[in-house]
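A quick write-up on the structure given underneath.
Computed from the coordinates by the stated procedures, all read-outs in this text should not be read as laboratory data. A quick note: this is a predicted structure, and the numbers were derived from the prediction, not measured. Here the Cβ positions follow ideal geometry from the backbone for every residue, glycine too, while neighbour counts run over all protein chains shown.
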Amino acid sequence: MTDTNAEQTVPDSLVSEWQRLSPVSIIYFVLKFIMGFAKHGVQNAAIFGGIFIFSGGDNRLPIIIAIVGAAMLLLLVASVLSYLNFRFRINKNAFLIHKGVIQKKRLTLSFDRIQNIALKEPVYFRPFGLVNMALESAGSVTEEVSLAGIDRRLAESLRRSVLSDPKAPMQAESTEPAPTNTEKHSEIPLLHHPVAELVRYGLSNNNVWVFAGLAAGAISQIDEDVSGYIKDWLSVPEAFISSHSTGAVIGLFAGIAILMLAMLLLGSVIGAIVIYYDYRLSFSDGRFHRLKGLFERSDTSLPASKIQALKINQPWPARLLYRSHITLMQIGFSPAFDQGETHVKQAKFIVPSMRHDQISALVATLYPDMAWQTVTFAPIDKLYLKRLFWLDFLTPATVIAILLAGLAATAWFLLLTLVPVIIYPLLRMNYAKHGYWTDGQHIAVRQGVFGHKIVIFPIYKAQGVKIKRSPGQRRKGLATLVVKLAGHKVSVPYIPHEAAMRWRDRILHTLATDRTPWM
Amino acid sequence: MPDTDFSTEMPRNSDLPQSETLEFEALDAHRATILMIIGLAIWAAVSIVWTVVKTLLGIESPLFPGEFLYLLPLIPLPFIIVLTRRSAAHCGYAVRAQDVHYRHGIIWRSETSLPFNRIQHVEVERGPLERIYGLSTLKFFAAGGGSADLTIPSLKDEDATRLRAFILEKAGADHSDD
């Protein structure tokens with residue numbers, strides 16, 4: 001928890017009086033307003049509708065111009081006012097911020113509560129040597145504090161001081177002799193991605209497939225809702241359909257589907273390049289350091305101690321490309337955490353497109369005591385597969401099939417019961433992907449179907465344990481072990497009850513005796 | 001620990017406190033009553049809905065005369081009574097030097113363990129039924145996740161207060177020294 005003895009402070013040279021951001025930050029405020037406006041699209045559609053209604057008649061164009069002009073003027077005025085009303089000062093141990101035009105806000109953000117400081121360098125700040133310093137602290141998403149438009153060097157030295165370990169002897173950055181080879185400062189480079197790797201990430205991250213699924217769903221929804229309109233509109237293809245063979249029509253639709261998928265993939269690749277351009281990851285002084293971004297360079301450092309678990313994700317497309325994507329799982333706490341508010345935000349720190357050797361290097365950096373090469377996953381009990389097939393798939397399929405067959409008075413629906421049989425290989429793959437491993441200090445759990453996800457965490461990061469047993473598991477002497485981490489649950493299903501109890505004993509013993517702070 | 005044999009199983013360390021020997025303390029005897037009242041209330045609500053639907057829609061069955069369908073809700077009644085009693089009897093909590101445990105469920109059983117030094121805060125709740133019998137529910141929260149990580153229902157008010165004070169002291173003692 002928050003340490004009261006060792007308070008986080010900055011050197012006197014950084015302490016400042018009340019000051020404003022650079023005037024360039026007006027651009028930031030303009031863009032922020034526009035983004036906010038775009039995000040609340042639904043409400044704003046109503047405003048545009050209003051404009052449209054008002055602007056009926058002959059003088060439609062002048063009215064639209066007047067309204068757009070007024071809106072832009074308002075935007076500019078609001079941005080300038082935001083800039084004028086944003087003032088900050090740096091204390092010995094906190095940021096003080098006054099902001100807000102109509103509703104004034106006064107924030108005090110003590111350095112102790114700051115988890116992470118990200119320096120973002122948008123294109124328009126670059127010529128001026130300015131950055132946007134985002135204080136990821138107290139973790140509430142709504143109250144994210146950022147100082148947009150402060151000097152890069154100031155931001156960097158602030159970050160060094162604020163994030164340095166308060167218990168370690170304070171190393172005053174300014175007075176330090178020429179950067180010698182002190183081991184504290186040796187920076188271990190872990191990753192530097194060329195664009196080709198980002199293309200791989202764009203092709204193989206799961207988002208695009210999830211999005212494709214959603215898009216397909218949405219399209220079919222539209223198809224049902226406004227099929228009337230679309231029918232008129234599609235009279236040409238319909239004529240085409242009626243005049244051509246089924247094969248040609250299927251070919252046409254397959255072509256359209258492939259084209260759409262290709263567009264999605266292209267979008268995903270472009271997105272990956274924009275977000276992760278020139279991705280660099282390194283490790284020094286117990287912190288991961290990341291640089292990324294095309295239009296907005298972001299510079300983040302994450303203390304290793306804040307990482308609760310490591311997730312190695314290899315969706316099936318990534319498997320084809322021999323890459324995995326890693327997530328360093330951390331948590332941020334809401335400001336009310338000390339008052340008993342336990343709602344947390346799960347912050348994601350993604351390391352895209354890692355080769356096997358790079359993963360080994362990252363795991364070795366984060367968990368030096370763990371021998372990642374020796375990890376061999378033990379299989380779970382076969383009863384899991386039986387339950388999956390009989391109980392989770394066949395039973396509901398049979399019930400639905402009988403109901404539908406009864407309602408529709410046709411036996412064809414009984415064929416639905418074949419679905420679980422057809423997908424049995426998938427269930428088997430899912431069963432085979434399940435695996436668990438421990439060396440007495442770390443735990444690794446694997447799951448998946450085509451691809452896999454591996455979660456690794458040191459035992460002292462656990463928060464609690466649960467053992468669950470269904471009637472079937474009790475008959476076979478099995479149990480499901482659930483390890484609760486901060487903001488995450490890891491489940492190990494269908495392992496011997498004996499093993500589950502031994503794991504629980506070990507975890508509880510470690511939590512009671514290991515003094516390593518878990519955050 | 002140089003043993004490489006641990007790859008799949010935790011080391012069997014005889015000095016570790018063993019949780020299989022946990023002795024669970026039963027909840028207050030009124031727990032069964034409370035569970036039964038809740039169970040019967042849900043049962044009554046479902047039965048009323050069923051009766052109304054049956055009357056309005058005139059659901060018939062080819063197997064037996066229509067009036068018998070009104071008696072359908074009686075079938076689960078004995079199960080509700082038996083299961084709530086057994087469930088209440090099986091529930092229990094255990095407090096050791098470093099951790100607290102709660103077990104519940106008779107068909108799907110589960111045992112939850114929470115070490116004191118991971119407890120962020122404790123809540124005491126007294127629902128309307130519990131107030132009648134002078135009982136409290138203790139909720140323990142660890143970091144991460146909005147819901148309670150361990151809940152012990154139907155403790156006698158004084159037991160709940162005592163347990164809460166004991167655990168908070170343990171948890172607090174631990175926070176201050178790390």
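For the range A:376-519, what is the per residue volume of the convex hull drawn over the alpha-carbon atoms, in cubic angstrom?
125 Å³
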**OP:** In whole angstrom, note down how far apart the Cα centers of the range A:461-497 and the range A:277-294 are.
**Re:** 36 Å
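What's the average, rounded to a whole number, of partner chain beta-carbon atoms within 10 Å of each residue's beta-carbon in A:482-488?
Average per residue, whole number: 4.
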Original post:
Near B:LYS156, which lysines are there with a Cα under 29 Å away, not counting those fewer than 8 places off in the same chain?
Top reply: A:LYS466, A:LYS468, A:LYS484, B:LYS139, B:LYS170
Original post:
Per residue of A:505-517, what is the mean number of Cβ atoms on other protein chains within 10 angstrom of that residue's Cβ?
Top reply: 6
**OP:** Given the peptides A:453-466, B:128-141, arrange them by the average over their residues of other C-beta atoms within 10 Å, most packed first.
**Re:** A:453-466, B:128-141
Subject >> Centroid-to-centroid separation of the range B:55-111 and the range A:67-131 [C-alpha atoms, Å] >> reply: 57 Å
**OP:** Would you mind giving the three semi-axes, in whole Å and largest first, of the ellipsoid equivalent to the range B:92-176 according to its Cα gyration tensor?
**Re:** 20, 16, 12
Original post:
Going from the alpha-carbon gyration tensor of the range A:383-429, what semi-axes, largest first and in whole Å, does one get by taking the root of 5 times each eigenvalue?
Top reply: 23, 10, 5
Subject >> the range A:383-429, relative contact order [Cα under 8 Å, separation at least 6], % >> reply: 44 percent
Original post:
Looking at the range B:55-128, which GluC sites (Glu not before Pro) are in a loop (DSSP not H, G, I, E or B) and have at most 13 other Cβ atoms within 10 Å?
Top reply: B:GLU60
**OP:** Calculate the translational D of the range B:31-84 in whole µm² s⁻¹ from Stokes-Einstein, where the hydrodynamic radius comes from the Kirkwood formula applied to all Cα pairs, the temperature is 25 °C and the viscosity 0.890 mPa s.
**Re:** 201 µm²/s
Subject >> Cβ-derived FRET efficiency at R0 56 Å, B:SER110 paired with B:LEU57, nearest 0.05 >> reply: 0.90
Original post:
Over all distinct alpha-carbon pairs, what is the Kirkwood Rh of the range A:424-485 in angstrom?
Top reply: 13.2 Å
Subject >> Highest average packing first - A:89-98, A:433-442, Cβ atoms within 10 Å >> reply: A:433-442, A:89-98
